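Presented below is the structure to which this report refers.
The values are calculated or read from the model by the stated rules, or taken from the named source; none is laboratory data. As the structure is a computational prediction, the values presented were derived from the model and not from experiment. Here the Cβ positions follow ideal geometry from the backbone for every residue, glycine too, while neighbour counts run over all protein chains shown. Side chains are part of the model used for accessible areas, which takes the heavy atoms of the whole protein and leaves out ligands, DNA and RNA. Shrake-Rupley method; radii C 1.70, N 1.55, O 1.52, S 1.80 Å.
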Amino acid sequence: MRNPDITFDQKMFRFFFAFSMVVTLLGMHYVFNFVNTNPFERGLLIIAAFFLFKAQPKASIQGFFGLILITFAIFFFGYFTKFHQFSWGRLLNAYIALIALLLFYVIQPSEDNRLFILKWISRIAPFLVFYGFFLMLFGRSVFMQDHTGAMRYGGGTIPAYMAAASFASSVAFAMLYRHTGNLKNFAMVFFCLVCAILSGSRMPTVCIVLSAFPILFFSIKKFESKVYFILFSLIFGLLALVTVGDQLMMRFESQSSSGRDKLWDSVIMWIKFYPNTGVGYGHHPLIIPEYIKLFTKTQAVHSEYIRVVGELGYFGAAIFLVGTILVFNGSFIKKNFEDVVLVLCILTSFALFSYSDNTLLSSYCSIMPLAYAMGTGLKKANSNV
């Protein structure tokens, strides 16, 4: 049945947001070696944000100021860099890719649109699991062996993305449980944890425990229920590690950096040459040697802190990071002490994740705080649990 209260602008927002999510989830550029669809995906997000703001022209002042700081850092220090391969085209492409999702942190949607976004984020991990089964029909393996010998689960994508998607969906399901009290959402948080464990990704697995589980804990009202929750979580976690976590433990025991040290060292070397301006936002692939890209099978730095300093210099990176915190924090609705604690959990887990991964470059990573932000605008369930 059609909802007559949904305006044309809201319909267009939902269409383009859903379209963007589908393009992201299908991952045609790495599943079937198609041309990179990231610009198309980000373009759809910008269109969706335009219609969302048109339908509900309300924004976070703190978030808007943070976005101005980020924009200033990128363009001001880009203007003054002397890096010989600097390109305004590359900077603009990276800037647009960044703000496409950050716009949703600044715009403050109505409750029904918040719920729409939150539900889509919750679907990411389950979709990738089912998508993986579908791809198996065409001979694609859902497990990939890394340099440590661990067999890592990737579902319909690569293991690192599967883990990041599980991280984002776990927070979304936890916020949905907080809103509805539906035990199905409660159970899906544990499902996401298992997916992260199977992916063999260390940091996202830890971050799920640090973010989604505190949300569940505070969503439970009765003291005895909280105690049962802690005991159940500990038992479930131990059983998961014993039964399906052997590959994750292998990666923990290896203490391997997965080539991150080589990526970091190559960027740190360029920071010494351009400490004040960096090489230009979006230019990190140009300063990582080809032999390191071949060895690590990536051109991403795998540390947002080192990447941003390398691209913007120390002063620019400081401004950029302050702006990013303002954008995130401005999107969170804080009404009481519980909300403040949860915000700290979300920001801390995202900060830890950013230490070893490309959290602002990947939609799967950067959408996690958005799940929490959208959930804070929803009413809490009157749970008796």
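Summary table below
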{"read-out": "Which numbered condition A318 misses (of (1) more than 19 Å from Y105 (Cα to Cα); (2) surrounded by 22 or more Cβ atoms within 10 Å (Cβ to Cβ); (3) more than 17 Å from the chain's Cα centre (by Cα))", "value": "(2)"}
{"read-out": "Sole exception among (1) farther than 19 Å from Y364 by Cβ; (2) in a helix (DSSP H, G or I) for G139, by number", "value": "(2)"}
{"read-out": "Matching option when the condition is within 20 Å of F15 (Cα to Cα) and free of Cβ contacts under 8 Å to residues at least 12 places away in the same chain, among P57, P109", "value": "P57"}
{"read-out": "Filter result for L321 (assigned to a helix (DSSP H, G or I), without any contact (Cβ under 8 Å) to a residue 24 or more places away in the chain, under 24 Å from G278 (Cβ atoms) and touching a helix residue (DSSP H, G or I) at 6+ places or on another chain (Cβ under 9 Å))", "value": "yes"}
{"read-out": "Check on L128, open to solvent by less than 10 Å² (accessible area, probe 1.4 Å) and closer than 16 Å to L26 by Cβ", "value": "yes"}
{"read-out": "Pairs with Cβ under 7 Å, 6+ apart, first in the stretch 185-196 and at pLDDT 95 or above, second open to solvent by 40 Å² or more (accessible area, probe 1.4 Å)", "value": "F190/F236"}
{"read-out": "Residue check, F104 closer than 30 Å to Y314 by Cα, open to solvent by 40 Å² or more (accessible area, probe 1.4 Å) and of a type in the set (F, W, Y)", "value": "no"}
{"read-out": "Conditions (1) modelled with pLDDT under 95; (2) open to solvent by 60 Å² or more (accessible area, probe 1.4 Å); (3) over 22 Å from T376 (Cα atoms): number failed by S354", "value": "(2)"}
{"read-out": "Test: G139 is surrounded by 24 or more Cβ atoms within 10 Å (Cβ to Cβ) and at positive phi", "value": "no"}
{"read-out": "Residue in the stretch 198-216 that is modelled with pLDDT of 95 or more, of a type in the set (F, W, Y) and open to solvent by 60 Å² or more (accessible area, probe 1.4 Å) present", "value": "no"}
{"read-out": "Pick from the stretch 50-94, criterion part of a helix (DSSP H, G or I) and among the hydroxyl-bearing types (S, T, Y), ranking: least open to solvent (accessible area, probe 1.4 Å)", "value": "T71"}
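Matching residues to (1) in contact with a helix residue (DSSP H, G or I) (Cβ under 7 Å, 6 or more places away or on another chain); (2) open to solvent by 40 Å² or more (accessible area, probe 1.4 Å); (3) modelled with pLDDT under 90; (4) under 28 Å from T205 (Cα atoms):
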{"residue": "F236", "(1), (2), (3), (4)": "yes, yes, no, yes"}
{"residue": "L241", "(1), (2), (3), (4)": "yes, yes, yes, yes"}
{"residue": "V244", "(1), (2), (3), (4)": "yes, yes, yes, yes"}
{"residue": "R251", "(1), (2), (3), (4)": "yes, no, yes, yes"}
{"residue": "S254", "(1), (2), (3), (4)": "no, yes, yes, yes"}
{"residue": "I268", "(1), (2), (3), (4)": "yes, yes, no, yes"}
{"residue": "N276", "(1), (2), (3), (4)": "yes, yes, no, no"}
{"residue": "I287", "(1), (2), (3), (4)": "yes, no, no, no"}
